[in-house]
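S.K.: I am attaching a structure below and will ask some questions about it afterwards.
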Protein chains: 2
Amino acid sequence: MLNKISQEHMQRVIALSENNFKSGRIPIAAIIVDKDTNEVLAEAQNDDSPIGHAELLVISKALKLLKTNRLDNTHMYVTIEPCPMCAYAIAKSHVGKLYFGCEDKKGGGIINGPRIFEYENLKKIEFISHCFDDKTSKLMTDFFKIKRNQQL
Amino acid sequence: MLNKISQEHMQRVIALSENNFKSGRIPIAAIIVDKDTNEVLAEAQNDDSPIGHAELLVISKALKLLKTNRLDNTHMYVTIEPCPMCAYAIAKSHVGKLYFGCEDKKGGGIINGPRIFEYENLKKIEFISHCFDDKTSKLMTDFFKIKRNQQL
């Protein structure tokens, strides 16, 4: 069970995801917070580029903001299990801890697919999965239902 | 054996890598070319960020330049086997063909590590490995030798 502060962070991620959904984009968002003060340092949503994933974008923002190469003192919250690309970016930038709403059986890279965090030579990132499973899974299902109908 | 045009593209990548080395950075560079005209569309070198890899940067530039989400009509040339993050970015952006100078046994993600291109739900990217094996391997070895000496 998440504590109150982590719940609030996940709720912010869900609100950002819902906004992205309303803009016709995949409902995925990520935030990075200071692990001690819990201040939100950076926010991002997936954009239309094939590599415009919220996690990559928010890491890039946080690295610039903190003028650092390491995000050890931060926690990241994201809607759904990151893909292999983002999982690698999270490990390389030493994110202190990762929370994600639901798993992604098809495209995930942490508890599914290549399980990037288990590779040697990469920082072992602590993570909490299935944080807001029902709500985030429903967001994704609703989005892909609409996308499929649009393609019919 | 590479044809003359591909050799010239790899030589450009090596020149960019050597420039990066002279700036104290890891000697890795990538270019994206039009697969029909062979015009160089975008170039990039690794920067100091943990996610500032030449492949990600050059894909980002090419997507913006061509105002597209798909790089099917391009070929990418890069110094060394891309990491799992970049391999995934290459697959997601549908790069037409990938050439890399040497393999990366420790950090590679294509013929080493998670072998990202073999995963389902990802475009199968055609690639030519070990294009300029001796020259690119030596660049990397020389760089890490200096880095190790600096840490002594």
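The values are calculated or read from the model by the stated rules, or taken from the named source; none is laboratory data. Source: prediction; values computed, not measured. Cβ atoms come from the backbone with ideal geometry, glycine included; neighbour counts cover every protein chain shown.
S.K.: Among all residue pairs at least 6 apart or on different chains, which show Cβ distances below 8 Å where the first residue, located in region A:33-54, is within 11 Å of another protein chain (Cβ to nearest Cβ) and the second is β-branched (Val, Ile, Thr) and crowded, with 19+ Cβ neighbours inside 10 Å?
M.R.: Filtered contacts from region A:33-54: A:ILE51/B:ILE59; A:HIS53/A:ILE28.
S.K.: Being more than 15 Å from A:SER17 (Cα to Cα) and β-branched (Val, Ile, Thr) is the filter here; which residues of region A:121-152 pass it?
M.R.: A:ILE125, A:ILE128, A:ILE146
S.K.: Can you tell me which residue is farthest from the other protein chains (Cβ to nearest Cβ) among those in region A:55-77 that are of a type in the set (Val, Ile, Thr) and out of contact with any helix residue (DSSP H, G or I) (no Cβ under 6 Å at 6 or more places or on another chain)? Can you show your working first?
M.R.: Filtering region A:55-77 for residues of a type in the set (Val, Ile, Thr) gives A:58-59, A:68, A:74.
Checking which are out of contact with any helix residue (DSSP H, G or I) (no Cβ under 6 Å at 6 or more places or on another chain) leaves us with A:58, A:68, A:74.
On the way: A:VAL58: 11, A:THR68: 10, A:THR74: 13 Å.
My answer is A:THR74.
S.K.: Taking B:VAL95 as meeting all but one of (1) touching a Gly at 6+ places or on another chain (Cβ under 9 Å); (2) closer than 25 Å to A:LYS106 by Cβ; (3) at pLDDT 95 or above; (4) within 14 Å of another protein chain (Cβ to nearest Cβ), write down the number of the exception.
M.R.: (1)
S.K.: If you go through region A:79-92 one residue at a time, how many are under 17 Å from B:ARG115 (Cβ atoms) and more than 7 Å from every other protein chain (Cβ to nearest Cβ)? Step through it out loud before you land on a result.
M.R.: From region A:79-92, those under 17 Å from B:ARG115 (Cβ atoms) are A:83-85, A:87-88; that's our starting set.
Subset that is more than 7 Å from every other protein chain (Cβ to nearest Cβ): A:87.
So the count comes out to 1.
S.K.: To continue, here is another question. Can you tell me which of B:ALA89, B:ALA42 is modelled with pLDDT of 95 or more, more than 23 Å from B:LYS4 (Cβ to Cβ) and of a type in the set (A, V, I, L, M, F, W, C)? Please lay out each step first, then the result.
M.R.: Details: B:ALA42 fails: more than 23 Å from B:LYS4 (Cβ to Cβ).
Just one listed residue meets the conditions, B:ALA89.
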